[in-house]
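Scroll down for the structure; my scribbles are underneath it.
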Amino acid sequence: MAKVVKAVFFDMGGTLVYDVGFEEALSRNLASFVEKKLGLRVEREKVLSLWNGAGDSWRDVELWDLARAMLFLRELGATPRPTLAEELYARVLKSYVEGFRLEPCAEEVFSRLKEMGLLLGVITNVGSYEIVSRRLAEVGLLDYVDVLVASQAFGWRKPSEEIFRVACWLAGQEPSTCVHVGDDPVADVLGAKKVGMRAIQVLRVAKYRSDDADAYVNSVSEVPSVVRSWLSSE
């Protein structure tokens, strides 16, 4: 007998949003900040490397981008005063806005799944819960979301089993009744499968096709049809 589907969770990057130049925007905004506020001229490639390397000693946890901003400033020899770190953090949030675009079909997808009586959630690896919540609200999607689990808020990163388990628990559902939609064959597909969830892999920007996924789509626009076919077979 097919497993019941009661909740569908989505990854953000590569699934609900797509990259239109995040690293370029981040390096530009970081370099501009460093020059204007610290009086230092640092090549964009170098400043991006410093940002990505900040916090390497804490690889097993998700750093809040505000904490990463403090570490980044210290790497440059600056005292990370609260006002300075918070201003830098604002530049990072600006880079997210400039560097990612929402999938045009996202609202229709959420609406169709809600019409099926399903709970909707987001499970994403990100250094700022705030930017995810803000972006979803800006485009009118936050009201559709029942559970929002950002790695920054919980500390665990996909493919950690804990981040998937807590998302299902917050939704009040067993993992066997939940589906995760994402592109990454390890973080999204393998991580979800390890806790007993079903996984739909979005292939458009996937590194490779996972052998573990329960279904494959080229775009999230196809997800409601896949889920409906599962519901009809229950």
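The values are calculated or read from the model by the stated rules, or taken from the named source; none is laboratory data. As the structure is a prediction and not an experimental result, all values here were calculated from the model. Note that each Cβ is placed from the backbone with ideal geometry, even for glycine, and that neighbours are counted across all protein chains shown. Surface areas here come from the heavy atoms of the whole protein model, side chains and all, with no ligands, DNA or RNA. Shrake-Rupley method; radii C 1.70, N 1.55, O 1.52, S 1.80 Å.
Conditions: (1) touching a residue at least 40 places away in the same chain (Cβ under 8 Å); (2) over 28 Å from Glu161 (Cα atoms). Asp65 meets all but one. Number of the miss?
(2)
Could you please tell me which pairs satisfy a Cβ distance under 8 Å, a separation of 6+ or placement on different chains, a first residue in the range 5-21 that is on the phi > 0 side of the Ramachandran plot, and a second residue that is open to solvent by less than 20 Å² (accessible area, probe 1.4 Å) and assigned to a strand (DSSP E or B)?
Taking only residues 6 or more apart or on different chains, the pairs are Gly14/Gly182; Gly14/Val202.
For every residue, the table says whether it meets (1) modelled with pLDDT under 95; (2) surrounded by 20 or more Cβ atoms within 10 Å (Cβ to Cβ); (3) part of a helix (DSSP H, G or I).
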{"site": "Val61", "(1), (2), (3)": "yes, no, no"}
{"site": "Leu66", "(1), (2), (3)": "no, yes, yes"}
{"site": "Thr79", "(1), (2), (3)": "no, no, no"}
{"site": "Leu84", "(1), (2), (3)": "no, no, yes"}
{"site": "Glu87", "(1), (2), (3)": "no, no, yes"}
{"site": "Ala90", "(1), (2), (3)": "no, no, yes"}
{"site": "Val97", "(1), (2), (3)": "yes, no, yes"}
{"site": "Arg101", "(1), (2), (3)": "yes, no, no"}
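Which of the residues belonging to the range 113-154 are among the β-branched types (Val, Ile, Thr) and in a loop (DSSP other than H, G, I, E, B)?
Selection gives Val126, Val139, Val145.
Among Ser95, Ser49, which is touching a residue at least 12 places away in the same chain (Cβ under 8 Å), over 22 Å from Gly182 (Cα atoms) and of a type in the set (S, T, N, Q)?
Checking each option against the conditions leaves just Ser95.
Check off (1) under 16 Å from the mean Cα position of the chain (by Cα); (2) without any contact (Cβ under 8 Å) to a residue 12 or more places away in the chain for Ser225 and give me the number that stays unchecked.
(1)
Does any residue of the range 177-193 turn out to be open to solvent by less than 50 Å² (accessible area, probe 1.4 Å), of a type in the set (A, V, I, L, M), touching a Gly at 6+ places or on another chain (Cβ under 8 Å) and assigned to a helix (DSSP H, G or I)?
yes
Which of the residues spanning the range 155-171 are more than 12 Å from Leu120 (Cα to Cα) and in a loop (DSSP other than H, G, I, E, B)?
Those that are more than 12 Å from Leu120 (Cα to Cα) and in a loop (DSSP other than H, G, I, E, B): Gly155, Trp156, Arg157, Lys158, Pro159, Ser160.
Would you check if there is a residue in the range 131-142 being open to solvent by 60 Å² or more (accessible area, probe 1.4 Å) and in contact (Cβ under 8 Å) with a residue 60 or more places away in the chain?
no
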